[in-house]
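As C-alpha coordinates, the structure follows; a few thoughts come after it.
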Amino acid sequence: MNENSFFGDVCSFFDHAAQFTKHPAGLLDQIKACNSVYRFRFPIRRNNGSVEVIDAWRVEHSHHMSPTKGGIRYSEMVNEDEVMALAALMTYKCAIVNVPFGGAKGGIKINTKAYSIAELENITRRFTVELVKKNFIGPAIDVPAPDYGSGEREMSWIADTYYTMNPGALDAMGCVTGKPIALHGIQGRREATGRGVAIAIRECMSVTEDMERLGLSVGISGKRVIVQGLGNVGYHTAKFLAEMGAVIVGLCEVEGAIYNESGLDVEEVFAFRKENGSILDFPKAKQRFKDSGEGLEQDCDVLVPAALENQITADNVGAIKARIIAEAANGPTTPEAASAFTGRGGIIIPDMYCNAGGVTVSYFEWLKNLSHVAFGRMDKRYEENANLTLVNMVEQMTGVSLTQEQRTQVVKGASELELVNSGLEDTMVRSYHEIREIKQRIEGVKDLRTAAFVGAIDKVAVSYMNLGIWP
Ligand code: NAD
(Lines give C-alpha, C1' and ligand atoms only; values in the text may rest on other atoms or scores of the structure.)
Protein backbone atom coordinates (compact mmCIF):
# COMPACT_ATOMS: atom_id res chain seq x y z
CA MET A 1 0.00 0.00 0.00
CA ASN A 2 1.24 3.51 -0.84
CA GLU A 3 2.84 5.18 2.20
CA ASN A 4 0.99 8.47 1.68
CA SER A 5 -2.32 6.91 0.81
CA PHE A 6 -5.31 7.86 2.98
CA PHE A 7 -7.18 4.78 1.71
CA GLY A 8 -4.03 2.82 2.57
CA ASP A 9 -4.23 4.20 6.13
CA VAL A 10 -7.87 3.13 6.44
CA CYS A 11 -6.98 -0.34 5.10
CA SER A 12 -4.10 -0.64 7.53
CA PHE A 13 -6.41 0.21 10.48
CA PHE A 14 -8.86 -2.37 9.03
CA ASP A 15 -6.20 -5.10 8.71
CA HIS A 16 -5.01 -4.53 12.25
CA ALA A 17 -8.57 -4.89 13.58
CA ALA A 18 -9.46 -7.82 11.31
CA GLN A 19 -7.05 -10.10 13.21
CA PHE A 20 -9.37 -9.86 16.19
CA THR A 21 -12.34 -11.19 14.15
CA LYS A 22 -12.98 -14.73 12.92
CA HIS A 23 -14.19 -14.02 9.39
CA PRO A 24 -12.78 -15.79 6.31
CA ALA A 25 -10.14 -13.88 4.33
CA GLY A 26 -12.38 -13.59 1.24
CA LEU A 27 -15.17 -11.97 3.21
CA LEU A 28 -12.73 -9.51 4.80
CA ASP A 29 -11.37 -8.64 1.33
CA GLN A 30 -14.90 -7.97 0.09
CA ILE A 31 -15.70 -5.73 3.07
CA LYS A 32 -12.47 -3.77 2.64
CA ALA A 33 -12.67 -3.17 -1.13
CA CYS A 34 -14.40 -0.19 -2.77
CA ASN A 35 -17.24 -1.71 -4.81
CA SER A 36 -17.74 1.08 -7.37
CA VAL A 37 -15.46 3.99 -8.23
CA TYR A 38 -16.91 6.47 -10.72
CA ARG A 39 -14.40 9.04 -11.92
CA PHE A 40 -15.70 11.62 -14.35
CA ARG A 41 -14.92 14.96 -15.95
CA PHE A 42 -17.34 17.54 -17.22
CA PRO A 43 -17.05 20.98 -18.81
CA ILE A 44 -18.53 24.20 -17.44
CA ARG A 45 -18.56 27.67 -18.91
CA ARG A 46 -16.98 30.29 -16.67
CA ASN A 47 -18.44 33.78 -16.28
CA ASN A 48 -15.68 35.15 -18.53
CA GLY A 49 -16.81 32.88 -21.39
CA SER A 50 -13.96 30.33 -21.13
CA VAL A 51 -14.64 26.61 -20.73
CA GLU A 52 -13.13 24.65 -17.86
CA VAL A 53 -13.09 20.90 -17.33
CA ILE A 54 -13.86 19.78 -13.77
CA ASP A 55 -12.61 16.52 -12.19
CA ALA A 56 -15.09 14.70 -9.98
CA TRP A 57 -15.68 11.36 -8.24
CA ARG A 58 -18.39 9.34 -6.57
CA VAL A 59 -17.30 6.19 -4.76
CA GLU A 60 -19.70 3.59 -3.37
CA HIS A 61 -17.61 1.56 -0.99
CA SER A 62 -20.07 -1.10 0.15
CA HIS A 63 -23.45 -2.32 -1.07
CA HIS A 64 -24.11 -4.63 1.86
CA MET A 65 -26.95 -2.20 2.57
CA SER A 66 -28.84 0.21 0.32
CA PRO A 67 -28.81 3.07 -0.21
CA THR A 68 -25.18 4.03 0.14
CA LYS A 69 -24.53 7.32 1.90
CA GLY A 70 -21.81 9.93 2.18
CA GLY A 71 -20.96 13.59 1.75
CA ILE A 72 -19.55 15.49 -1.21
CA ARG A 73 -16.26 17.26 -0.68
CA TYR A 74 -15.51 20.45 -2.61
CA SER A 75 -11.75 20.98 -2.47
CA GLU A 76 -8.87 21.51 -4.86
CA MET A 77 -6.98 18.84 -2.91
CA VAL A 78 -9.58 16.15 -3.50
CA ASN A 79 -8.36 13.01 -5.29
CA GLU A 80 -9.51 9.45 -5.94
CA ASP A 81 -7.57 7.94 -3.04
CA GLU A 82 -9.10 10.42 -0.61
CA VAL A 83 -12.66 9.83 -1.83
CA MET A 84 -12.14 6.04 -1.59
CA ALA A 85 -10.85 6.40 1.98
CA LEU A 86 -13.75 8.63 3.01
CA ALA A 87 -16.27 6.25 1.39
CA ALA A 88 -14.78 3.31 3.31
CA LEU A 89 -14.93 5.25 6.58
CA MET A 90 -18.63 5.90 5.88
CA THR A 91 -19.32 2.15 5.70
CA TYR A 92 -17.72 1.55 9.10
CA LYS A 93 -19.25 4.71 10.57
CA CYS A 94 -22.80 3.71 9.59
CA ALA A 95 -22.25 0.22 11.00
CA ILE A 96 -20.97 1.59 14.32
CA VAL A 97 -24.00 3.82 14.91
CA ASN A 98 -26.48 1.31 13.45
CA VAL A 99 -27.53 3.48 10.51
CA PRO A 100 -28.70 1.07 7.77
CA PHE A 101 -26.62 2.41 4.86
CA GLY A 102 -23.55 1.35 2.91
CA GLY A 103 -20.70 3.86 2.70
CA ALA A 104 -20.10 6.32 -0.16
CA LYS A 105 -18.38 9.66 -0.79
CA GLY A 106 -18.11 12.23 -3.54
CA GLY A 107 -15.50 14.77 -4.52
CA ILE A 108 -15.38 17.81 -6.80
CA LYS A 109 -11.86 19.11 -7.40
CA ILE A 110 -12.30 22.88 -7.15
CA ASN A 111 -11.26 25.77 -4.96
CA THR A 112 -14.72 27.08 -4.06
CA LYS A 113 -13.34 30.58 -3.45
CA ALA A 114 -12.30 30.87 -7.11
CA TYR A 115 -15.88 30.61 -8.43
CA SER A 116 -18.97 32.82 -8.30
CA ILE A 117 -22.15 31.47 -6.72
CA ALA A 118 -23.69 31.06 -10.19
CA GLU A 119 -20.65 29.03 -11.31
CA LEU A 120 -20.81 26.86 -8.17
CA GLU A 121 -24.48 26.22 -8.88
CA ASN A 122 -23.67 25.26 -12.44
CA ILE A 123 -20.91 22.87 -11.29
CA THR A 124 -23.16 21.28 -8.65
CA ARG A 125 -26.09 20.82 -11.03
CA ARG A 126 -23.84 19.36 -13.73
CA PHE A 127 -22.23 17.02 -11.18
CA THR A 128 -25.72 15.81 -10.20
CA VAL A 129 -26.72 15.25 -13.82
CA GLU A 130 -23.65 13.02 -14.27
CA LEU A 131 -24.61 11.03 -11.17
CA VAL A 132 -28.19 10.58 -12.43
CA LYS A 133 -26.97 9.44 -15.85
CA LYS A 134 -24.89 6.66 -14.27
CA ASN A 135 -27.45 5.72 -11.57
CA PHE A 136 -25.15 6.96 -8.77
CA ILE A 137 -27.84 8.93 -6.94
CA GLY A 138 -31.37 8.26 -5.69
CA PRO A 139 -33.24 7.76 -2.40
CA ALA A 140 -32.84 3.98 -2.66
CA ILE A 141 -29.46 4.02 -4.45
CA ASP A 142 -26.96 6.54 -3.14
CA VAL A 143 -27.72 9.59 -0.99
CA PRO A 144 -25.12 12.41 -0.80
CA ALA A 145 -24.77 14.94 2.04
CA PRO A 146 -22.56 17.93 2.89
CA ASP A 147 -18.86 17.58 3.60
CA TYR A 148 -15.83 19.89 3.58
CA GLY A 149 -16.61 22.86 1.31
CA SER A 150 -20.32 22.11 0.83
CA GLY A 151 -23.48 22.84 2.80
CA GLU A 152 -27.25 23.33 2.64
CA ARG A 153 -27.08 25.51 -0.46
CA GLU A 154 -25.31 22.84 -2.52
CA MET A 155 -27.68 20.13 -1.20
CA SER A 156 -30.72 22.13 -2.34
CA TRP A 157 -29.24 22.46 -5.87
CA ILE A 158 -28.70 18.69 -5.92
CA ALA A 159 -32.26 17.94 -4.75
CA ASP A 160 -33.75 20.32 -7.31
CA THR A 161 -31.68 18.88 -10.18
CA TYR A 162 -32.57 15.32 -9.20
CA TYR A 163 -36.27 16.19 -9.00
CA THR A 164 -36.14 17.98 -12.37
CA MET A 165 -34.74 14.83 -13.93
CA ASN A 166 -37.24 12.59 -12.11
CA PRO A 167 -40.47 14.58 -12.31
CA GLY A 168 -43.21 13.25 -10.06
CA ALA A 169 -40.90 10.83 -8.21
CA LEU A 170 -42.64 10.56 -4.85
CA ASP A 171 -39.51 10.09 -2.74
CA ALA A 172 -37.24 12.39 -4.76
CA MET A 173 -36.35 14.61 -1.78
CA GLY A 174 -34.74 11.60 -0.09
CA CYS A 175 -32.02 11.69 -2.78
CA VAL A 176 -29.81 13.95 -0.64
CA THR A 177 -29.64 15.02 3.02
CA GLY A 178 -28.39 18.16 4.75
CA LYS A 179 -30.99 20.20 2.85
CA PRO A 180 -32.37 23.51 4.18
CA ILE A 181 -35.44 23.18 6.43
CA ALA A 182 -37.55 24.94 3.81
CA LEU A 183 -36.61 22.27 1.29
CA HIS A 184 -37.49 19.14 3.28
CA GLY A 185 -34.45 19.25 5.56
CA ILE A 186 -34.64 18.40 9.25
CA GLN A 187 -34.20 20.49 12.39
CA GLY A 188 -30.80 19.96 13.99
CA ARG A 189 -28.90 18.58 10.96
CA ARG A 190 -26.66 21.63 10.55
CA GLU A 191 -25.20 21.31 14.05
CA ALA A 192 -25.54 17.51 14.35
CA THR A 193 -21.92 16.52 13.70
CA GLY A 194 -20.54 19.04 16.18
CA ARG A 195 -23.18 18.16 18.78
CA GLY A 196 -22.28 14.49 18.32
CA VAL A 197 -18.54 15.22 18.74
CA ALA A 198 -19.22 17.10 21.99
CA ILE A 199 -21.35 14.22 23.31
CA ALA A 200 -18.61 11.73 22.32
CA ILE A 201 -16.02 13.70 24.33
CA ARG A 202 -18.41 14.01 27.28
CA GLU A 203 -19.00 10.23 27.29
CA CYS A 204 -15.29 9.51 27.08
CA MET A 205 -14.61 11.83 30.00
CA SER A 206 -17.38 10.28 32.10
CA VAL A 207 -15.50 6.99 32.63
CA THR A 208 -13.68 7.23 35.97
CA GLU A 209 -11.22 4.41 35.28
CA ASP A 210 -10.07 5.92 31.96
CA MET A 211 -9.75 9.46 33.32
CA GLU A 212 -7.75 8.27 36.33
CA ARG A 213 -5.33 6.57 33.94
CA LEU A 214 -4.93 9.87 32.04
CA GLY A 215 -4.48 11.83 35.27
CA LEU A 216 -7.62 13.88 34.57
CA SER A 217 -10.66 14.44 36.75
CA VAL A 218 -13.98 13.00 35.57
CA GLY A 219 -16.27 15.21 33.50
CA ILE A 220 -15.91 17.85 30.85
CA SER A 221 -16.36 20.90 33.04
CA GLY A 222 -13.24 23.09 33.19
CA LYS A 223 -11.26 20.93 30.73
CA ARG A 224 -9.04 22.86 28.32
CA VAL A 225 -9.79 22.26 24.64
CA ILE A 226 -8.10 23.26 21.37
CA VAL A 227 -10.19 23.04 18.19
CA GLN A 228 -8.73 23.05 14.67
CA GLY A 229 -11.10 24.33 11.96
CA LEU A 230 -13.92 26.81 12.50
CA GLY A 231 -16.17 25.39 9.79
CA ASN A 232 -19.45 23.60 10.34
CA VAL A 233 -18.05 20.80 12.50
CA GLY A 234 -15.36 22.75 14.39
CA TYR A 235 -17.54 25.75 15.18
CA HIS A 236 -20.44 23.67 16.51
CA THR A 237 -18.14 21.33 18.46
CA ALA A 238 -16.47 24.30 20.17
CA LYS A 239 -19.85 25.93 20.85
CA PHE A 240 -21.39 22.81 22.46
CA LEU A 241 -18.23 22.00 24.44
CA ALA A 242 -18.23 25.54 25.85
CA GLU A 243 -21.93 25.13 26.76
CA MET A 244 -21.00 21.92 28.61
CA GLY A 245 -18.47 23.86 30.68
CA ALA A 246 -15.22 23.22 28.79
CA VAL A 247 -12.74 26.07 28.30
CA ILE A 248 -11.81 26.65 24.65
CA VAL A 249 -8.19 27.72 25.05
CA GLY A 250 -7.09 27.47 21.41
CA LEU A 251 -8.55 27.84 17.92
CA CYS A 252 -6.69 27.08 14.66
CA GLU A 253 -7.67 28.10 11.14
CA VAL A 254 -5.87 28.16 7.78
CA GLU A 255 -4.36 31.58 8.44
CA GLY A 256 -2.95 30.66 11.87
CA ALA A 257 -3.88 29.88 15.46
CA ILE A 258 -4.74 31.81 18.63
CA TYR A 259 -4.46 30.81 22.29
CA ASN A 260 -5.60 32.11 25.66
CA GLU A 261 -5.33 29.86 28.74
CA SER A 262 -8.31 31.66 30.32
CA GLY A 263 -10.53 30.79 27.39
CA LEU A 264 -11.74 32.23 24.09
CA ASP A 265 -15.37 33.10 23.36
CA VAL A 266 -16.19 30.98 20.29
CA GLU A 267 -19.00 33.24 19.07
CA GLU A 268 -16.78 36.31 19.37
CA VAL A 269 -13.91 34.67 17.47
CA PHE A 270 -16.29 33.38 14.81
CA ALA A 271 -17.86 36.82 14.32
CA PHE A 272 -14.42 38.46 14.28
CA ARG A 273 -13.19 36.09 11.54
CA LYS A 274 -16.32 36.70 9.49
CA GLU A 275 -15.73 40.42 9.62
CA ASN A 276 -11.93 40.49 9.27
CA GLY A 277 -11.20 37.33 7.29
CA SER A 278 -8.74 36.04 9.91
CA ILE A 279 -8.60 35.03 13.58
CA LEU A 280 -5.01 36.19 14.05
CA ASP A 281 -5.76 39.74 15.23
CA PHE A 282 -8.54 38.70 17.61
CA PRO A 283 -7.97 41.22 20.43
CA LYS A 284 -8.51 38.80 23.37
CA ALA A 285 -5.93 36.27 22.12
CA LYS A 286 -2.84 36.04 24.35
CA GLN A 287 -0.69 34.12 21.87
CA ARG A 288 -0.82 34.08 18.08
CA PHE A 289 0.82 31.59 15.69
CA LYS A 290 1.18 32.29 11.98
CA ASP A 291 1.89 28.58 11.53
CA SER A 292 -1.51 27.05 12.24
CA GLY A 293 0.12 23.70 13.10
CA GLU A 294 1.79 25.28 16.15
CA GLY A 295 -1.65 25.85 17.60
CA LEU A 296 -2.16 22.09 17.89
CA GLU A 297 0.92 21.78 20.07
CA GLN A 298 -0.19 24.14 22.84
CA ASP A 299 -1.15 23.05 26.35
CA CYS A 300 -4.62 21.49 26.62
CA ASP A 301 -6.49 18.37 27.80
CA VAL A 302 -8.45 17.67 24.62
CA LEU A 303 -7.45 18.34 21.02
CA VAL A 304 -10.22 18.39 18.41
CA PRO A 305 -8.95 18.32 14.81
CA ALA A 306 -12.04 19.37 12.81
CA ALA A 307 -10.56 20.41 9.46
CA LEU A 308 -8.92 17.80 7.25
CA GLU A 309 -6.96 14.54 7.25
CA ASN A 310 -3.26 14.05 8.07
CA GLN A 311 -2.97 16.82 10.65
CA ILE A 312 -1.34 14.75 13.40
CA THR A 313 1.55 12.83 11.92
CA ALA A 314 4.76 11.12 13.02
CA ASP A 315 6.40 14.57 12.71
CA ASN A 316 4.28 16.49 15.22
CA VAL A 317 2.72 13.82 17.47
CA GLY A 318 5.62 14.12 19.91
CA ALA A 319 4.75 17.79 20.49
CA ILE A 320 1.03 17.24 21.11
CA LYS A 321 0.27 17.93 24.79
CA ALA A 322 -3.39 16.86 24.84
CA ARG A 323 -4.30 13.60 26.61
CA ILE A 324 -7.36 13.03 24.40
CA ILE A 325 -7.65 13.51 20.63
CA ALA A 326 -11.26 13.67 19.46
CA GLU A 327 -11.26 13.11 15.70
CA ALA A 328 -14.04 15.40 14.49
CA ALA A 329 -12.51 15.44 10.98
CA ASN A 330 -12.06 12.28 8.96
CA GLY A 331 -8.57 10.79 9.10
CA PRO A 332 -6.77 13.60 10.99
CA THR A 333 -4.31 11.19 12.66
CA THR A 334 -2.00 8.97 10.59
CA PRO A 335 -1.53 5.34 11.75
CA GLU A 336 2.06 6.06 12.93
CA ALA A 337 0.94 9.08 14.96
CA ALA A 338 -2.04 7.19 16.36
CA SER A 339 0.07 4.32 17.60
CA ALA A 340 2.63 6.73 19.14
CA PHE A 341 -0.14 8.70 20.89
CA THR A 342 -2.04 5.69 22.27
CA GLY A 343 1.29 4.00 23.02
CA ARG A 344 2.10 6.76 25.50
CA GLY A 345 -1.30 6.34 27.14
CA GLY A 346 -3.44 8.90 25.29
CA ILE A 347 -7.00 8.22 24.15
CA ILE A 348 -8.10 8.77 20.55
CA ILE A 349 -11.85 8.97 20.00
CA PRO A 350 -11.85 7.66 16.42
CA ASP A 351 -13.35 9.61 13.51
CA MET A 352 -15.64 6.81 12.40
CA TYR A 353 -17.49 7.09 15.71
CA CYS A 354 -16.66 10.64 16.80
CA ASN A 355 -18.17 12.47 13.80
CA ALA A 356 -21.05 10.02 13.18
CA GLY A 357 -23.64 12.50 14.49
CA GLY A 358 -23.98 13.97 10.98
CA VAL A 359 -24.91 10.73 9.28
CA THR A 360 -27.17 9.78 12.19
CA VAL A 361 -29.30 12.90 11.73
CA SER A 362 -29.04 12.54 7.94
CA TYR A 363 -30.68 9.14 8.46
CA PHE A 364 -33.52 10.85 10.38
CA GLU A 365 -33.87 13.37 7.53
CA TRP A 366 -34.06 10.56 4.96
CA LEU A 367 -36.73 8.81 7.06
CA LYS A 368 -38.68 12.09 7.24
CA ASN A 369 -38.45 12.49 3.45
CA LEU A 370 -39.70 8.93 2.85
CA SER A 371 -42.57 9.27 5.31
CA HIS A 372 -43.46 12.79 4.10
CA VAL A 373 -44.25 13.92 7.63
CA ALA A 374 -42.24 15.87 10.20
CA PHE A 375 -41.31 14.07 13.40
CA GLY A 376 -43.77 14.87 16.19
CA ARG A 377 -46.52 16.11 13.88
CA MET A 378 -48.87 13.21 14.59
CA ASP A 379 -48.34 12.77 18.31
CA LYS A 380 -47.20 16.12 19.81
CA ARG A 381 -50.68 17.40 20.68
CA TYR A 382 -51.88 13.95 21.73
CA GLU A 383 -48.92 13.67 24.10
CA GLU A 384 -49.62 17.15 25.53
CA ASN A 385 -53.27 16.33 26.16
CA ALA A 386 -52.37 13.04 27.85
CA ASN A 387 -49.74 14.79 30.02
CA LEU A 388 -52.23 17.50 30.94
CA THR A 389 -54.83 14.94 32.03
CA LEU A 390 -52.19 13.21 34.16
CA VAL A 391 -51.01 16.47 35.78
CA ASN A 392 -54.61 17.48 36.57
CA MET A 393 -55.28 14.10 38.15
CA VAL A 394 -52.09 14.15 40.26
CA GLU A 395 -52.83 17.73 41.40
CA GLN A 396 -56.38 16.74 42.35
CA MET A 397 -55.24 13.64 44.23
CA THR A 398 -52.33 15.28 46.08
CA GLY A 399 -53.69 18.78 46.51
CA VAL A 400 -50.31 20.10 45.33
CA SER A 401 -50.40 22.59 42.46
CA LEU A 402 -47.58 23.05 39.94
CA THR A 403 -46.45 26.56 38.98
CA GLN A 404 -47.31 27.64 35.43
CA GLU A 405 -43.67 27.13 34.44
CA GLN A 406 -43.51 23.60 35.88
CA ARG A 407 -46.83 22.75 34.28
CA THR A 408 -45.64 23.89 30.83
CA GLN A 409 -42.45 21.88 31.23
CA VAL A 410 -44.23 18.66 32.21
CA VAL A 411 -47.08 18.95 29.71
CA LYS A 412 -45.11 19.96 26.62
CA GLY A 413 -44.94 17.41 23.77
CA ALA A 414 -41.63 16.87 21.97
CA SER A 415 -40.78 19.04 18.93
CA GLU A 416 -38.91 17.71 15.89
CA LEU A 417 -35.67 19.28 17.14
CA GLU A 418 -36.04 17.68 20.57
CA LEU A 419 -36.73 14.27 19.03
CA VAL A 420 -33.74 14.60 16.67
CA ASN A 421 -31.41 15.64 19.50
CA SER A 422 -32.67 12.86 21.72
CA GLY A 423 -32.12 10.25 18.97
CA LEU A 424 -28.66 11.68 18.31
CA GLU A 425 -27.63 11.68 21.97
CA ASP A 426 -28.90 8.15 22.50
CA THR A 427 -26.96 6.95 19.44
CA MET A 428 -23.70 8.62 20.48
CA VAL A 429 -23.92 7.46 24.11
CA ARG A 430 -24.82 3.85 23.28
CA SER A 431 -22.21 3.55 20.53
CA TYR A 432 -19.40 4.89 22.75
CA HIS A 433 -20.02 2.29 25.42
CA GLU A 434 -20.45 -0.45 22.79
CA ILE A 435 -17.00 0.36 21.38
CA ARG A 436 -15.42 0.65 24.82
CA GLU A 437 -16.94 -2.69 25.83
CA ILE A 438 -15.26 -4.37 22.82
CA LYS A 439 -11.95 -2.80 23.82
CA GLN A 440 -12.28 -4.13 27.37
CA ARG A 441 -13.51 -7.58 26.31
CA ILE A 442 -11.13 -8.62 23.51
CA GLU A 443 -7.60 -9.34 24.56
CA GLY A 444 -5.08 -7.50 22.42
CA VAL A 445 -7.48 -4.70 21.43
CA LYS A 446 -5.71 -1.72 22.94
CA ASP A 447 -7.45 1.34 21.49
CA LEU A 448 -10.94 2.57 20.64
CA ARG A 449 -10.26 2.72 16.88
CA THR A 450 -9.39 -0.96 16.70
CA ALA A 451 -12.45 -1.74 18.83
CA ALA A 452 -14.67 0.39 16.57
CA PHE A 453 -13.33 -1.39 13.48
CA VAL A 454 -13.89 -4.82 15.07
CA GLY A 455 -17.52 -3.92 15.84
CA ALA A 456 -18.07 -2.48 12.35
CA ILE A 457 -16.44 -5.43 10.55
CA ASP A 458 -18.62 -7.88 12.53
CA LYS A 459 -21.81 -6.00 11.62
CA VAL A 460 -20.97 -5.68 7.90
CA ALA A 461 -19.92 -9.36 7.82
CA VAL A 462 -23.29 -10.40 9.27
CA SER A 463 -25.07 -8.37 6.54
CA TYR A 464 -23.04 -10.06 3.80
CA MET A 465 -23.76 -13.48 5.29
CA ASN A 466 -27.47 -12.65 5.40
CA LEU A 467 -27.29 -11.74 1.70
CA GLY A 468 -26.39 -15.40 1.19
CA ILE A 469 -23.07 -14.77 -0.56
CA TRP A 470 -21.12 -16.50 2.20
CA PRO A 471 -22.40 -19.78 3.63
P1 NAD B 1 -16.11 23.12 6.44
O2 NAD B 1 -15.74 23.37 5.04
O3 NAD B 1 -17.40 23.67 6.95
O4 NAD B 1 -14.96 23.66 7.46
C5 NAD B 1 -13.62 23.29 7.43
C6 NAD B 1 -12.83 24.39 8.09
O7 NAD B 1 -11.47 23.96 8.26
C8 NAD B 1 -12.78 25.67 7.25
O9 NAD B 1 -13.12 26.77 8.08
C10 NAD B 1 -11.33 25.74 6.78
O11 NAD B 1 -10.87 27.07 6.60
C12 NAD B 1 -10.61 25.04 7.93
N13 NAD B 1 -9.28 24.52 7.57
C14 NAD B 1 -8.87 23.96 6.41
N15 NAD B 1 -7.57 23.59 6.49
C16 NAD B 1 -7.15 23.94 7.72
C17 NAD B 1 -5.90 23.84 8.41
N18 NAD B 1 -4.85 23.29 7.84
N19 NAD B 1 -5.84 24.29 9.68
C20 NAD B 1 -6.90 24.84 10.29
N21 NAD B 1 -8.11 24.97 9.69
C22 NAD B 1 -8.24 24.53 8.42
O23 NAD B 1 -16.04 21.52 6.62
P24 NAD B 1 -16.78 20.63 7.70
O25 NAD B 1 -18.07 20.19 7.13
O26 NAD B 1 -16.72 21.30 9.01
O27 NAD B 1 -15.83 19.33 7.70
C28 NAD B 1 -14.63 19.28 8.46
C29 NAD B 1 -14.22 17.83 8.63
O30 NAD B 1 -15.29 17.10 9.27
C31 NAD B 1 -13.92 17.08 7.34
O32 NAD B 1 -12.90 16.14 7.59
C33 NAD B 1 -15.20 16.33 7.06
O34 NAD B 1 -15.02 15.18 6.27
C35 NAD B 1 -15.63 15.98 8.47
N36 NAD B 1 -17.06 15.69 8.62
C37 NAD B 1 -18.00 16.62 8.30
C38 NAD B 1 -19.35 16.31 8.49
C39 NAD B 1 -20.44 17.33 8.25
O40 NAD B 1 -21.58 17.06 8.64
N41 NAD B 1 -20.15 18.47 7.66
C42 NAD B 1 -19.72 15.05 8.98
C43 NAD B 1 -18.72 14.13 9.30
C44 NAD B 1 -17.40 14.46 9.12
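Near residue 452, once Lys and Arg are set to +1 and Asp and Glu to -1 for all other residues with Cβ below 14 Å from its Cβ, the sum equals +1.
Starting from the Cα gyration tensor of the range 1-123, take the square roots of the eigenvalues, sort them a ≥ b ≥ c, and report rounded, prolate or oblate (rounded when a/c is under 1.5, otherwise prolate if a/b is larger than b/c, else oblate). Cα axes put the range 1-123 in the prolate bin.
Take the Cβ atoms of residue 171 and residue 374, set R0 to 22 Å, and the FRET efficiency comes out at 0.90. Each peptide in 97-109, 374-386 was scored by the mean count of other Cβ atoms within 10 Å over its residues; highest first, the order is 97-109, 374-386.
Spacing of the modelled spin labels on residue 382 and residue 39, each 7 Å from Cα toward Cβ, amounts to 5.3 nm. Only lysine pairs 8 or more places apart, or on different chains, with alpha-carbon atoms under 21 angstrom apart are counted in the range 83-134, and they number 5. Restricting the calculation to Cα atoms, the range 185-325 yields a radius of gyration followed by a Dmax of 14.5, 44 Å.
With all protein chains kept in place, the per residue accessible area of the chain amounts to 43 square angstrom at a probe of 1.4 angstrom.
What is the extension gain from residue 261 to residue 135, computed as 0.36 nm multiplied by their sequence separation minus the C-alpha to C-alpha distance, in nm to one decimal? Length gained between residue 261 and residue 135: 40.2 nm. Averaging the Cα positions of each part gives two centres, and for the range 424-465 and the range 201-217 these lie 19 Å apart. Apply the a/c threshold of 1.5 to the C-alpha gyration tensor of the chain and tell me whether it is rounded, prolate or oblate. Because its axes are fairly even, with a/c under 1.5, the chain counts as rounded. Of the peptides 88-94, 436-442, 405-411, 136-142, the ranking by mean beta-carbon count within 10 Å, highest at the top, reads 88-94, 136-142, 436-442, 405-411.
Across the accessible surface of the chain, with the other protein chains kept in place and a 1.4 Å probe, carbon and sulfur atoms take up 52 percent. Rounded, prolate or oblate: which fits the range 46-103, taking a ≥ b ≥ c as square roots of the Cα gyration tensor eigenvalues, rounded meaning a/c under 1.5, else prolate when a/b beats b/c? Here the range 46-103 falls in the prolate category. Computed from phi, the 3J(HN,Hα) profile of the range 149-163 under the Karplus parametrisation 6.51, -1.76, 1.60 (θ = phi - 60°) reads x, 10, x, 4, 4, 5, 5, 5, 5, 5, 4, 5, 5, 4, 5 Hz, with x in place of Gly and Pro.
Peptide packing for 392-404, 22-34 was compared via the average number of neighbouring C-beta atoms within 10 Å per residue; ordered from the highest value, the list is 22-34, 392-404.
So, counting K/R as plus one and D/E as minus one, what does the shell of residues with Cβ under 9 Å around residue 365 add up to?
Charge balance in the 9 Å sphere: +3.
Along its three principal directions, the equivalent ellipsoid of the range 370-440 from the Cα gyration tensor extends over semi-axes of 33, 19, 9 Å, largest first. For the range 297-373, the set of trypsin sites (Lys or Arg not before Pro) satisfying both a DSSP loop assignment and a count of at most 14 other C-beta atoms within 10 Å is given as 321, 344. Segment residue 316..residue 433, full-extension length gain: 39.1 nm, with 0.36 nm per residue of separation and the alpha-carbon distance subtracted. If you average the C-alpha positions of the range 253-310 and of the range 345-361 separately, how far apart do those two centres end up, in angstrom? The distance from the Cα centre of the range 253-310 to that of the range 345-361 comes to 22 Å. Relative contact order of the range 161-292, taken over Cα pairs closer than 8 Å and 6 or more residues apart, is 17 percent.
Can you give the relative contact order of the chain as a percent, counting alpha carbon pairs under 8 Å and 6+ residues apart?
This gives 15 percent for the chain.
At the listed q of 0.11, 0.12, 0.19 Å⁻¹, the Debye profile of the range 269-414, built from one uniform point per Cα, gives log10 I(q)/I(0) equal to -0.73, -0.77, -1.08.
The values are calculated or read from the model by the stated rules, or taken from the named source; none is laboratory data. No experiment lies behind these values; they were computed from the predicted model shown. As a convention, Cβ positions derive from the backbone with ideal geometry for all residues, glycine included, and neighbour counts pool all protein chains shown. These accessible areas exclude ligands, DNA and RNA; they are computed on the full protein's heavy atoms, side chains included. Shrake-Rupley method; radii C 1.70, N 1.55, O 1.52, S 1.80 Å.
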